[in-house]
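Trainee: So that we are looking at the same thing, I have put the structure below in structure tokens.
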There are 2 protein chains.
Amino acid sequence: MVTRYKITLAYDGTNFAGFQRQPHQRTVEQALTKAVNKMAKDPAEPIVVYGAGRTDAGVHAFGQVVHFDLPTEIKPEGVRRGLNSLLPTDLLVKKVERVPLDFHARYDTVGKRYWYRAYQNEFVDPFKRHYTGHFKFTADIKRIQQAIPDLIGKHDFTTFVASGSQAHDHVREIYSAKAWALPDGEIQFEFCGSGFLYNQVRIMVAVLMEIGQGRREVDCIPGLLAAKNREQARGTAPASGLYMKKVYYDQAELQSDLNTY
Amino acid sequence: MVTRYKITLAYDGTNFAGFQRQPHQRTVEQALTKAVNKMAKDPAEPIVVYGAGRTDAGVHAFGQVVHFDLPTEIKPEGVRRGLNSLLPTDLLVKKVERVPLDFHARYDTVGKRYWYRAYQNEFVDPFKRHYTGHFKFTADIKRIQQAIPDLIGKHDFTTFVASGSQAHDHVREIYSAKAWALPDGEIQFEFCGSGFLYNQVRIMVAVLMEIGQGRREVDCIPGLLAAKNREQARGTAPASGLYMKKVYYDQAELQSDLNTY
């Protein structure tokens, strides 16, 4: 009896060439597909895994979601332990749930949450180099906090999409966007929205850091959105600071998180 | 005019084969020596660097100390920026000071402080795998806290020294030894002492974790010390959880830290 599983993944993206399978590259999809098929004793028709979203090389995840079907029923706890015994140590299955056969990790999402860590210093900190984006020039958190609400709402994010995007429609809705500073000067960002375009979070962070550094006006975002022109944003914050934190499939959970955060 | 510099180093030990220079290996000493000589325009007589202590492969540092001489005087801030521009990103010079020509990073120490992070879970966390020691079985922090004071004081630590040690005298003094638990179950240790033998901290942590897991008695430490026999301790906690936190050259600073921590 075919059974569908939804799994929640954490990974350190440092040594992966991103999520999506690519020839001759070590990717999350490839490592996971291999483990799932090995756990299922390599069936004649290989099992395919479907991720909620792609992440680029170096991007991390606490809450990437993937679904796949197994030809026989295995208890979720058995799937979790079986996969974790087979997976490399930079990839961890945190949670396994049985879901109806019409559940789809990519098409059923109602929201996503991303976290970004920007470390500011002349030189890189050895313990932060893979886990933050490094910025040489200091940004003023107050300027960033003043500007960031202009990203909230439904907008055409053409200015904030990388050229490799395959999306035709660039309208997305951002539900919440926040920035705060840690005592050591690290600036953290969190964005929750309906979905994000290719590199959108990293481009938004780059623009916000430039605002913080005084290289752009605090009120520049409405004009950037109206321009619908990627040339006006240019920068992309480093992949190493980005974390896919949570994928939502339930409106009530999304609303609850939006009320809490 | 020959000038002596004392530098404080941080490094992520993950990709280093330890501190000490070794043929065909990437070590901290080798990377630093190369950068120092390059900064000094590769003098005919190569500059030698002297570290406060060796760290093994995978062991990290926030406060390793090294001294070396430059044939000409350069401002400390220039040395810091010059070296950091030349060093790989997993190695950072945090501080540079001019010191008298009789200062020695290794022989002038009056104390050292080490930190250890023990992560307890069935499977490794992707973000902790290089930065903690992984323990599959849960330890009771209360048992560890009950046992740890027995390590404090002047003792012959023969039971707690690895076989590769070149020290003849195994008597060392531990000034403070503490353990505490984080909300996610990680247990952290901090040890401050006159000096530590080869693998001593990792062997002490292994014994303490076994006490916490109920595999040894809470009051076993005095007997282990009295036995003066490495066979009785056996285990060595993983290198990835160990951090060289601070090296002391000043009794007043050491006392002040011991009163504060």
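The values are calculated or read from the model by the stated rules, or taken from the named source; none is laboratory data. It should be emphasised that the depicted structure is a prediction, and the values quoted were computed from it without experimental measurement. Here Cβ is always computed from backbone atoms with ideal geometry, including for glycine, and neighbour counts include all displayed protein chains. All accessible areas refer to the heavy atoms of the entire protein, side chains included, with ligands and DNA or RNA removed. Shrake-Rupley method; radii C 1.70, N 1.55, O 1.52, S 1.80 Å.
Trainee: Treating the angle as unsigned and between 0 and 90°, give the value, to the nearest 10°, between the Cα long axis of helix A:28-39 and the longest Cα principal axis of chain A.
Mentor: 20
Trainee: Is there a quick way to get the dipole size of chain A? I mean about its Cα centre, with the Cβ of Lys and Arg at +1 and of Asp and Glu at -1; what is the value in debye to the nearest 20?
Mentor: In debye, rounded to 20, chain A gives about 420.
Trainee: Related question: Pairs of lysines 8 or more apart, or on different chains, with alpha carbons under 25 Å: count those in region B:106-173, would you?
Mentor: 5
Trainee: Can you tell me how region B:44-158 classifies by the Cα gyration tensor, rounded, prolate or oblate, using a/c under 1.5 as the rounded cut?
Mentor: oblate
Trainee: Over every pair of different alpha-carbon atoms in chain B, take the mean of 1/r and invert it; report that Kirkwood radius in Å.
Mentor: Final number for the Kirkwood radius of chain B is 19.4 Å.
Trainee: Can you give me the angle between helix A:76-86 and the longest principal axis of chain A, using Cα atoms only, in degrees from 0 to 90, rounded to the nearest 10?
Mentor: Helix A:76-86 and the main axis of chain A meet at about 80 degrees.
Trainee: While we're here: If a/c stays under 1.5 just call it rounded; otherwise compare a/b with b/c (prolate if a/b is bigger, oblate if not). Do that for the protein assembly as shown, with a ≥ b ≥ c from the square roots of the Cα gyration tensor eigenvalues.
Mentor: Oblate is the answer for the protein assembly as shown, as a/c is 1.5 or above yet b/c matches or exceeds a/b.
Trainee: Filter B:Lys75/B:Lys95; B:Lys6/B:Lys34; B:Lys41/B:Lys246 down to the pairs with a C-alpha to C-alpha distance above 20 Å, please.
Mentor: B:Lys41/B:Lys246, as the Cα separations exceed 20 Å there.
Trainee: For the Cα atoms of chain A, what angle does the longest principal axis make with the long axis of helix A:251-260, in degrees from 0 to 90, nearest 10?
Mentor: 40
Trainee: I need the inter-copy label distances for A:Arg98: point set 7 Å along Cα to C-beta, values in nm with one decimal, smallest first.
Mentor: 7.5
Trainee: Once you sort the root eigenvalues of the Cα gyration tensor of region A:3-99 as a ≥ b ≥ c, which label holds: rounded (a/c under 1.5), prolate (a/b larger than b/c) or oblate (the other case)?
Mentor: Prolate, since a/c reaches 1.5 and a/b exceeds b/c.
Trainee: Which one, A:Ala139, A:Pro76, A:Thr27, is farthest towards the positive end of the dipole of region A:20-145 when Lys and Arg carry +1 and Asp and Glu -1 on their Cβ?
Mentor: With unit charges placed on the Cβ atoms, the residue in question is A:Ala139.
Trainee: What is the gain in length, in nm to one decimal, between B:Ser256 and B:Asn15 on full extension, counting 0.36 nm per residue of separation less the C-alpha to C-alpha distance?
Mentor: Stretched fully, the B:Ser256-B:Asn15 segment lengthens by 83.3 nm.
Trainee: Ignoring ligands, DNA and RNA, what percent of the 1.4 Å accessible area of chain A is carbon and sulfur?
Mentor: 50
Trainee: Can you check what the net charge comes to around A:Glu210, using other residues whose Cβ is under 11 Å from the Cβ of A:Glu210 (Lys, Arg +1; Asp, Glu -1)?
Mentor: +3
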